[in-house]
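The values are calculated or read from the model by the stated rules, or taken from the named source; none is laboratory data. All figures in this text were calculated on a predicted structure; none of them were measured in a lab. Cβ coordinates were reconstructed from backbone atoms using ideal geometry, including for glycine residues, and neighbour counts include every protein chain displayed.
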Amino acid sequence: MASTNDEASTNEEEKEEREPYPTQEGKLKDNSVIVEEGADEIYEHGYYGFFDEDHKLILSPVESLLLLERGRLNVTIDDEDEAFTFDKLLTYFLKNGHQIWTRYLVYRDLRSRGYVVRAGLGDPIHYRVYPRGGVLGKDEATYLICIVVEGTPFKLEVLDSVTRQARNVRKKLVLAVVDNVGEVTYYLGTQVNLAVKKQISRIEKSSEEE
């Protein structure tokens, strides 16, 4: 996975400009947006949201914001006719989660690169990322995304924990670092056994002395 300065081979925003999708209607309820009519249209073109037992599509805050920004979704509240603007919907979600903006920036960036992005394993593994062109139910996620805000402390024990989680499920851990201007840079995380490294160094030193 490259940094934000690299162009993705598939750009979802450009694809949507070439193949515009109809705008669907969604209702805001608590911290989600629910789509009934046109739900299949949204899900099948990008794997957004999940279906409940009544086959209503439930969209997360970041999914709702992206679809609204791209003109694929109108969001209203029951008994109110005025649709949300992007800023108004963002403000609503911010009241329920102060990290929504950084999570949205990473989500939008990954989507713009053509990746299928789903919810992660729980904080601090925020997203699972599937290959470009991946099919849910057939392909497995390749990356686990942990979001880090530049300048904010990130405990080593947390890093060790998420690295172990990624290793246990055989996924690649990626740290998505968001800087103070909203740009995202990705770093691939790996686990290193320093004790083994030190032992190898001693063996190499002993060989040289002989």
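Structural remarks
- Filtering region 75-108 to residues that are in a strand (DSSP E or B) and in contact with a helix residue (DSSP H, G or I) (Cβ under 9 Å, 6 or more places away or on another chain) leaves only VAL75.
- Among residues of region 68-123, those that are free of Cβ contacts under 8 Å to residues at least 40 places away in the same chain and small (Gly, Ala, Ser), counted: 3
- Residue match in region 140-155 (condition: small (Gly, Ala, Ser), exposed (fewer than 11 other Cβ atoms within 10 Å of the Cβ) and farther than 21 Å from TYR43 by Cα): yes
- If you go through region 33-44 and pick out every residue that is over 21 Å from ARG103 (Cα atoms) and either surrounded by fewer than 18 Cβ atoms within 10 Å (Cβ to Cβ) or not β-branched (Val, Ile, Thr) (or both), you end up with 7.
- Here TYR127 passes the criteria (1) out of contact with any strand residue (DSSP E or B) (no Cβ under 6 Å at 6 or more places or on another chain); (2) buried (at least 18 other Cβ atoms within 10 Å of the Cβ); (3) among the aromatic types (Phe, Trp, Tyr) except the one numbered (1).
- Filtered residues of region 45-74 (kept if assigned to a strand (DSSP E or B) and either surrounded by fewer than 23 Cβ atoms within 10 Å (Cβ to Cβ) or basic (Lys, Arg) (or both)): PHE50, PHE51, ILE58, ASN74
- Condition met for VAL158 (of a type outside the set (Ser, Thr, Tyr), at pLDDT 90 or above and surrounded by 13 or more Cβ atoms within 10 Å (Cβ to Cβ)): no
- A search for C-beta distances below 6 Å between a residue of region 38-61 that is in contact (Cβ under 8 Å) with a residue 40 or more places away in the chain and small (Gly, Ala, Ser) and any residue that is surrounded by fewer than 17 Cβ atoms within 10 Å (Cβ to Cβ) and assigned to a loop (DSSP other than H, G, I, E, B), counting only pairs 6+ apart in sequence or on different chains, returns nothing.
- Condition check for VAL192 on (1) modelled with pLDDT under 95; (2) surrounded by 14 or more Cβ atoms within 10 Å (Cβ to Cβ); (3) among the aliphatic types (A, V, I, L, M): one failure, at (2).
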